[in-house]
Amino acid sequence: MLVHAHPDDETVGTGATMALYAAAGVEVTLVTCTLGEEGEIHVPELELLGPAEADQLGGYRLAELDAACAALGITDRRFLGGAGRYRDSGMMGLETNKHPRSFWQADVEEGAGHLLEIMREVRPQVLVTYDENGFYGHPDHIQAHRVAMRAAELATAEGFGPAKIYWTAMPKSVLEAGISAFAQSSNNPFEGIERIEDFPFGTPDEKIAARIDGTDQHEAKVAAMRAHATQIPDTSWLYSIAGNFGSEFMGVEYYTLAAGQKGPGDGPYGWESDLFAGLPV
Ligand SMILES: [Zn+2]
């Protein structure tokens, strides 16, 4: 089970992992917490769908999410509390954080209750969400973390908690490689960033628990990114990095282990290559 904040987060953060497990026949459940109503709109003819005009972006993004899930092979796709229950809060500090239906204003216990209902049904062995900072500080990502962790705690108390909980992560060595590879590029996504401390994310390599190699799924991930056209324009640095680094940038995703027993792994830090490593089959 993966708990994400907005449509497109599943693809950008964990798309290769999802496609990999779906292709292997593992039951994958995606729970998205908001419709992403406050996202940017990169398709000019859809500009008036935004919150200040028609306020229809959320419904449109639901359709984008469905297309992305189809590309990733995901058939069990749900919204926390039902589609439209919680509204995108927008970036930290914006007035939209105070919207009464914003996810940031949501009661964590109530949100966790909605997630617990889904957990009772699908009984996930492995839960994937974000760290306490929501990977990069967006209020809905922080809230998704809180709701997911609380639901896992409640599920554990009921005797069916996930055996392992992972948080998405980016190893510092991978960031460093990205910075140096792009230093001379005219389309540098890291423009103005010289030190990895300037990033809102980045995890020391020794704290990474799993490196999931979904390289073979990178085309599915790119197709899912294309499905999120309002959010990811053709000119996005995601595509320019993909063009330079190829399938590895798109296909390899990293996690820290927040709960459960680390399984066997490889390399200097014993990184697992399977989120189910060490669990009974
Ligand atoms: Zn997001």
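Where a number appears in this text, it was derived from the coordinates with a stated rule and is not lab data. In this text, all values refer to a predicted model and were calculated from it rather than measured experimentally. Every residue, glycine as well, gets a Cβ built from its backbone with ideal geometry; the counts of neighbours run over all protein chains shown.
Here are some notes:
- Residue-averaged [θ]222 nm for the chain, counting only DSSP H segments that reach four residues, each worth -39500 (n - 2.57): -11000 deg cm²/dmol
- Expressed in Å, the radius of gyration and Dmax of the Cα atoms of the stretch 159-281 are 16.2, 54.
- Around the Cα centre of the chain, unit charges on the Cβ atoms of Lys, Arg, Asp and Glu (plus for the first two, minus for the last two) sum to a dipole of about 600 debye.
- Long-range Cα-Cα pairs in the stretch 48-137 (distance over 16 Å), rounded percent: 67 percent
- Considering only the chain, percent of DSSP beta bridges that pair antiparallel, nearest 5: 40 percent
- Set the Cα radius of gyration of the stretch 112-170 against 2.2 N^0.38 Å, with N its number of residues, and you get 1.08.
- Considering only the Cα atoms of the stretch 82-199, their convex hull presents on average a projected area of 9.5 nm².
- Only one residue of 148, 93, 13 has its Cα farthest out toward the positive end of the dipole of the chain, where Lys and Arg carry +1 and Asp and Glu -1 on Cβ, and that residue is 148.
- Count Lys and Arg as plus one, Asp and Glu as minus one, and take only other residues whose Cβ is under 14 Å from that of residue 66; the net charge is then 0.
- Alpha carbon Rg of the chain, scaled by the compact-globule rule 2.2 N^0.38 Å: 0.97
- Proximal charge balance of residue 13 [Cβ under 11 Å; K/R count +1, D/E count -1]: -3
- Gyration tensor over the Cα atoms of the stretch 6-156: the corresponding equivalent ellipsoid has semi-axes (square roots of 5 times the eigenvalues, largest first) of 24, 20, 13 Å.
- Span-rule helices in the chain, defined as complete DSSP H runs reaching 18 Å or more along the axis (Cα) with Kyte mean at least 0.0: 9-23, 57-72, 108-122
- Segments 201-209, 253-261, 92-100, 156-164 sorted - mean Cβ within 10 Å per residue, highest first: 253-261, 201-209, 156-164, 92-100
- Charge tally in the Cβ shell below 14 Å around residue 149, where Lys, Arg are +1 and Asp, Glu are -1, residue 149 excluded: -1
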